[in-house]
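The values are calculated or read from the model by the stated rules, or taken from the named source; none is laboratory data. Computed from a predicted model, the values in this text were never measured in an experiment. All Cβ positions, even for glycine, are placed from backbone atoms using ideal geometry, and neighbour counts span all protein chains on display. The area values use the complete protein model at the heavy-atom level, side chains included, leaving out ligands, DNA and RNA. Shrake-Rupley method; radii C 1.70, N 1.55, O 1.52, S 1.80 Å.
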Amino acid sequence: MMLGVHCSVSGGLEHAFEEAALLNLDVFQVFTRNQRQWKAKPISADEKAAFANAWKAHPEVKAIFAHASYLINLASADKALQDKSIAGITEEVQRCHELGIFGAVLHPGAAGEATEEEAMNRIAEGLKQALANTAGSNVKILLENTAGQGSHVGYKFEHIRYIMDLVGSDRIGTCFDTCHAFAAGYDIRTEHEFDMVWEQFDHIIGLKHLKAIHLNDSKGDFASRLDRHEHIGQGKIGAKAFELMMKKFPHIPKCIETDAENNMDEVNIKLLRQLAGE
Ligand SMILES: [Zn+2]
Ligand SMILES: [Zn+2]
């Protein structure tokens, strides 16, 4: 059912497969590097081989996607930071390419003092450069919708569309986060509202550009603009939306990004499988 969790890579990238196997996953998300630091050691030939071998040993894993560093802000008006951000997402795409990971999820960026339009123009410019820097690769950059916390853009489907139009490449896709969408004012709690949100998504962005999904319930209220994930069915969104997500998108890679403590990944995955009708 293309369902997984964010797997830890502590001790080596290939360790993610062990965690995935314990939970019987066919999909997972990883950080290919420390997500809170700019510097990352390049992937060595040994690391690359270990990852490839682990994947061969776990053919049940059908898709892996990465989450890019939280430090990257392609919208930054500070030239040095924007350059660093372009280098950062370029490097992330290269790492994914080496590992056979199909896409890197990226938060579009934060406008700071600038207008949203200026921010989105800079994001598109940065994305174009990153794609040019990695021209030989077909790894996708997956723009994630945001909760709209602080000055983050990407909380409206129109933002994603605007950036995609400026970049004009089929290597830009989207990752839909349920918590972020709900916090940004997209109500998915009932079937009727859920259907309307997806109609809008299809109309504005296009369903064919949806390449990954983050399944997170929300601690924050509807339209609160708060990016705070909650366990499935325990937050303000509630279980119904996740049943609908599981049934609507069986073939899109989906991962939870909730606190894994107290064996909660297993609990959340079990619930999602039940909701899917397994
Ligand atoms: Zn997310
Ligand atoms: Zn989030």
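Observations on the structure shown:
- Accessible surface, the chain, averaged per residue in Å² (probe 1.4 Å): 44 Å²
- Ala212 long-range amide H proximity, modeled H, under 5 Å: Thr174, Phe176
- Alpha-carbon centroid distance for the pair segment 133-166 / segment 58-126, whole angstrom: 9 Å
- Where Rh is the Kirkwood radius over Cα pairs, Rg/Rh for segment 143-278: 0.96
- Accessible carbon and sulfur surface of segment 3-275 relative to its total accessible area, %, 1.4 Å: 50 percent
- Approximate spin-label separation Leu207-Lys56, in nm, with each point projected 7 Å along Cα-to-Cβ: 3.9 nm
- Calculated FRET value between Ala77 and Glu193, using beta carbons and R₀ = 25 Å, to 0.05: 0.10
- Each of Gly150, Phe28, Leu271 was placed along the dipole of segment 3-275 (beta-carbon charges, centred on the mean Cα), and the one lying farthest toward the positive end is Phe28.
- Ranking Ser169, Ser10, Ser69 from most to least accessible surface, computed with a 1.4 Å probe over the protein chains only, gives Ser10, Ser169, Ser69.
- Taking Cα centre as origin and charging only the Cβ of basic (Lys, Arg, +1) and acidic (Asp, Glu, -1) residues, the dipole magnitude of segment 3-275 rounds to 420 debye.
- Cα-only Debye scattering, segment 1-102: base-10 log of I(q)/I(0) at q = 0.11, 0.21 Å⁻¹: -0.35, -1.04
- The H on the amide N of Gly4, modeled in the peptide plane, is under 5 Å from the matching H of Lys254, Cys255, Ile256, each at least 5 residues off or on a different chain.
- Dipole size of segment 56-137 about its Cα centre, with +1 on Lys/Arg Cβ and -1 on Asp/Glu Cβ: approximately 380 debye, rounded to the nearest 20.
- Taking other residues whose beta carbon is less than 14 angstrom from the beta carbon of Gln94, and scoring Lys, Arg as +1 and Asp, Glu as -1, yields +2.
- Computed Rg/Rh of segment 39-149, alpha carbon atoms with Kirkwood Rh: 1.03
- As a ratio to 2.2 N^0.38 Å, the alpha-carbon radius of gyration computed for segment 67-213 takes the value 1.00.
- Diffusion coefficient, µm² s⁻¹, Stokes-Einstein with Kirkwood Rh over alpha-carbon pairs of segment 140-219 at 20 °C and 1.002 mPa s: 169 µm²/s
- Per the Debye calculation on the chain with a single equal scatterer at every Cα and no solvent contribution, log₁₀ I(q)/I(0) for q = 0.08, 0.10 Å⁻¹ amounts to -0.30, -0.48.
- Residue-span extension gain [Asp221 to Ser8] - 0.36 nm each, minus C-alpha spacing: 73.8 nm
- Positive end of the dipole of the chain (Cβ unit charges, origin at the Cα centre): among Ile141, Thr90, Ala45, the Cα lying farthest that way belongs to Ala45.
- Charge-dipole axis of segment 3-275 as Lys and Arg at +1 and Asp and Glu at -1 on Cβ define it, positive-most pick from Ala130, Ala239, Ala80: Ala130
- Relative contact order for the chain: 16 percent, from Cα pairs under 8 Å spaced at least 6 residues apart, divided by residue count.
- The trypsin sites (Lys or Arg not before Pro) of segment 1-92 that DSSP puts in a loop, and whose beta carbon has at most 15 other beta carbons within 10 Å, are Arg36, Lys39, Lys62.
- Taking 7 Å steps out from each Cα toward its Cβ at Asn34 and Asp46 produces label points 2.0 nm apart.
- Think of each Lys and Arg Cβ as +1 and each Asp and Glu Cβ as -1; about the Cα centre, that makes the dipole of segment 10-76 roughly 360 debye.
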